[in-house]
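Comments concern the structure below.
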Amino acid sequence: MSKASADFLSFFYFINYSLNIIGVRPFNHIGPKQSPEFMTSDFAKQIAEIEKRLWEPIIKDLKRMRPSNAPIL
């Protein structure tokens, strides 16, 4: 759903059902000296360590991996 249609739908619920709607625009905050606890800085750290040959790269066949949104039965 686009941002504009989400805004329109939120406004519709506000007008018709008197719901208080709060819209958010989440995104990654990245930058220098960020803690490696965050995903993007952790990935960058791992790539740098592999390039310095401190780690052996782990290569997987991504076709065999289950999608994260697949149901668990």
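Okay, here's what the table says:
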read-out	value
Positive-pole candidate from SER18, ASN28, PHE43, dipole of the chain, charges at beta carbon	PHE43
Protection-proxy order for peptides 12-19, 36-43, each taking the mean of Cβ atoms within 10 Å per residue, highest first	36-43, 12-19
ARG53/ASN28 FRET efficiency (R0 30 Å; Cβ-Cβ; nearest 0.05)	0.60
Within the chain, helix-based [θ] at 222 nm, where runs of 4 or more DSSP H residues each add -39,500 (n - 2.57), nearest 500	-12500 deg cm²/dmol
In degrees, nearest ten, helix 3-17 long axis to first principal axis of the chain (Cα)	40
Three-way shape call for the chain based on the alpha-carbon gyration tensor, with the a/c threshold at 1.5	oblate
Distance between the range 33-48 and the range 1-26 - C-alpha centres, whole angstrom	34
Debye, to nearest 20: dipole size of the chain, +1 on Lys, Arg Cβ, -1 on Asp, Glu Cβ	160
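Taken together, the values in this text are just the output of simple stated rules run on the coordinates, not laboratory data. Quick caveat: nothing in here was measured; it's all calculated off a predicted structure. Reconstructed Cβ throughout: ideal geometry from the backbone, glycine too, with neighbour counts over all protein chains shown.
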